[in-house]
Amino acid sequence: MAEDTKQPGSEKPTTPDASASDSSGTPNPSSIPAAGELAGADAEKAAMVEQAKSRVAAVKESLATPPAAGTPKPPVKKKDEGPKPTDASDHSLVKKLKKQFGESIREASEFVGQLSINVAADQIVPICTFLKSDSEAPFDYLSDLTCVHYPEKKAAPFEVVYNLFSIPANERVRLKLQTTEDGVESVTSVWPAANWLEREVYDLFGIQFRNHPDLRRLLLPPDWQGHPLRKDYPLEFIENVWTEEHLPVMNTVLAEQIQQDDRAEYGYWNGDHHNDHTSPVTEE
């Protein structure tokens, strides 16, 4: 251990900082700003408050004052109009189809680069066959087949839509036809992929496709009543023969049992089974 070589009385007394306050907490007089500085700050703050009050008063006055009679309102800026369909009767594919099928090819339009052609319903299979075997742009892929319901069109309320794509030419065309629920000829002989697409349209819209190899419901039960994508189909839950035969009558006991089953299943898959690797289904 080092020896202490300091002699008594060798330390110099420390001088207290003049800027610090004394032990009683009273600040040094030199640190207190002059009275003129405080008065100037208060005056500046008061001026800012008065300016804010005057601005609020001006806004209230402008709102309370009714506009002068006959003063026109500023015009409302119209939104920029988007693209609109254009006539496509001069399109090369439309001309080619008209040359082959005549009056069976009706109006044609083009919208943002997509060609749509309305055709006669009784000529859909020959037209599709012609498009698939076209030498310049063979439409060898039926990308979609769907339907739209227009209840106000009593004569032909359904529009069947065929979206075709040519893989070699990278071109698309949309065929449309109007029909009733009696339907049209199936195009499964042209594109076998139309099988399930036509079944879906039959299931949800009720459109018949003649000569379809297996026309039956695809999404709903076979004995379901109605076609849910029709515009006149009710949105709320409806009671029909299928619900009476297949759905149990909901009562308090059944509702509580379903809730208990849901809680048990949810708890199992969230770790409440305590590392039990058996099936969550309990034996009766």
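The values are calculated or read from the model by the stated rules, or taken from the named source; none is laboratory data. Source: prediction; values computed, not measured. So basically every Cβ, Gly included, is an ideal-geometry build from the backbone, and we count neighbours across all protein chains shown.
Candidates Glu103, Glu136: the one that is more than 32 Å from the chain's Cα centre (by Cα), over 20 Å from Arg199 (Cβ atoms) and part of a loop (DSSP other than H, G, I, E, B) is Glu136.
Ile238 meets each of the listed conditions (1) closer than 20 Å to His149 by Cβ; (2) at pLDDT below 75; (3) not in a loop (DSSP other than H, G, I, E, B) apart from (3). Please determine whether any residue of region 161-170 is under 16 Å from Phe205 (Cβ atoms), of a type outside the set (S, T, N, Q) and either buried (at least 17 other Cβ atoms within 10 Å of the Cβ) or in contact with a Lys or Arg (Cβ under 8 Å, 6 or more places away or on another chain) (or both). Yes: one or more hits. Starting from residues that are farther than 19 Å from Leu204 by Cβ and touching a residue at least 24 places away in the same chain (Cβ under 8 Å), keep the ones in region 135-154 and report whichever is surrounded by the fewest Cβ atoms within 10 Å (Cβ to Cβ). Looking at the filtered set, the residue picked out is Glu136.
Can you confirm whether region 29-36 contains a residue that is within 43 Å of the chain's Cα centre (by Cα), modelled with pLDDT under 85 and over 30 Å from Ala121 (Cβ atoms)? Among the residues of region 29-36, not one is within 43 Å of the chain's Cα centre (by Cα), modelled with pLDDT under 85 and over 30 Å from Ala121 (Cβ atoms), which makes the answer no. Check region 103-113 and report whether any residue there is without any contact (Cβ under 8 Å) to a residue 24 or more places away in the chain, among the basic types (Lys, Arg), touching a strand residue (DSSP E or B) at 6+ places or on another chain (Cβ under 6 Å) and on the phi < 0 side of the Ramachandran plot. Yes, there is a match, as at least one residue in region 103-113 is without any contact (Cβ under 8 Å) to a residue 24 or more places away in the chain, among the basic types (Lys, Arg), touching a strand residue (DSSP E or B) at 6+ places or on another chain (Cβ under 6 Å) and on the phi < 0 side of the Ramachandran plot.
Residues in region 135-168 that are closer than 21 Å to Glu110 by Cβ, modelled with pLDDT under 95 and out of contact with any Ser or Thr (no Cβ under 6 Å at 6 or more places or on another chain): Glu136 alone. Evaluating Ser279 against the criteria (1) of a type outside the set (A, V, I, L, M); (2) farther than 30 Å from Leu145 by Cβ; (3) assigned to a loop (DSSP other than H, G, I, E, B); (4) modelled with pLDDT of 75 or more leaves one unmet condition, (4).
The set of residues in region 204-235 that are closer than 19 Å to His149 by Cα, of a type in the set (Lys, Arg) and exposed (fewer than 11 other Cβ atoms within 10 Å of the Cβ) contains only Lys231.
For region 243-258, which positions are of a type in the set (Ser, Thr, Tyr) and either assigned to a loop (DSSP other than H, G, I, E, B) or closer than 25 Å to Trp224 by Cβ (or both)?
Of all residues in region 243-258, those of a type in the set (Ser, Thr, Tyr) come to 243, 252.
Within region 243-258, Thr243 is the sole residue that qualifies.
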